[in-house]
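Please read the structure below before turning to the comments.
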Amino acid sequence: IDWLRFKMTELHVFRSRGDIVGFKAAGHTGYAEEGSDIVCSAVSALTQSAVMGITELMKLEAEINIGEGELSLMLDKKTRRRDFKSAQLILETMFLGLKSVAENYGQYLKIIQKEV
């Protein structure tokens, strides 16, 4: 079965002075077959909701990349401070949700935080 070759999803959270400026989720969790993978569904729902909140609700500019088993977002460096702080609510909420998933399914989701 194809899904068995994937071992985990890695979530890279990029921070600048403590604030989240972007993230990249890549890989398939391998928890279950596609369509039945609750860990993958949780990661997808949380990351996609963050992207939609920032781009559709807040109308902020961001670099977004979507590929097979991959989603990334980087906030525009020119984002106004007030908007940037509001975006933190969305991104930190996403992070808390993903951290909870990793605490319960750590063998399928690895979170890596990087200072950029």
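Of note:
- DSSP bridge pairs, the chain: antiparallel proportion in percent, nearest 5: 70 percent
- From the coordinates shown, semi-axes √(5λ) of the Cα gyration tensor in Å corresponds to which of (1) 25, 18, 11; (2) 19, 18, 14; (3) 26, 14, 12: (3)
- Exposed loop sites here mean GluC sites (Glu not before Pro) with a DSSP loop assignment and at most 16 other beta-carbon atoms within 10 Å; the chain contains its longest site-free run at 69-116.
- Rounded to the nearest 10 degrees, the angle from helix 38-52 to the longest Cα principal axis of the chain is 20 degrees.
- When each of Lys78/Lys99; Lys77/Lys110; Lys59/Lys114; Lys85/Lys110; Lys24/Lys77; Lys59/Lys110 is checked by Cα-Cα distance, pairs over 19 Å: Lys78/Lys99; Lys77/Lys110; Lys59/Lys114; Lys85/Lys110; Lys59/Lys110
- MRE, 222 nm, helices only [DSSP H, n ≥ 4, -39500 (n - 2.57), over the chain, to nearest 500]: -11500 deg cm²/dmol
- Rounded to 10°, Cα long-axis angle of helix 81-104 versus longest principal axis of the chain: 20 degrees
- For the chain, the per residue solvent-accessible surface stands at 62 Å², with DNA, RNA and ligands left out and a 1.4 Å probe.
- Only protein atoms count toward the accessible area here, which uses a 1.4 Å probe; on region 28-81, the carbon and sulfur part of that area reaches 50 percent.
- For Ser16, residues with placed amide H under 5 Å, excluding near neighbours: Val21, Val116
- Taking amide hydrogens as placed 1.01 Å from N in the peptide plane, the amide H of Tyr105 sits under 5 Å from that of no residue at least 5 positions away in sequence or on another chain.
The values are calculated or read from the model by the stated rules, or taken from the named source; none is laboratory data. Note that the coordinates shown come from a computational prediction; the quantities given were computed from them, not determined experimentally. Positions of Cβ are backbone-derived with ideal geometry, glycine not excepted, and every protein chain shown enters the neighbour counts. In case anyone asks, the SASA skips ligands and DNA or RNA and just uses the protein heavy atoms, side chains included. Shrake-Rupley method; radii C 1.70, N 1.55, O 1.52, S 1.80 Å.
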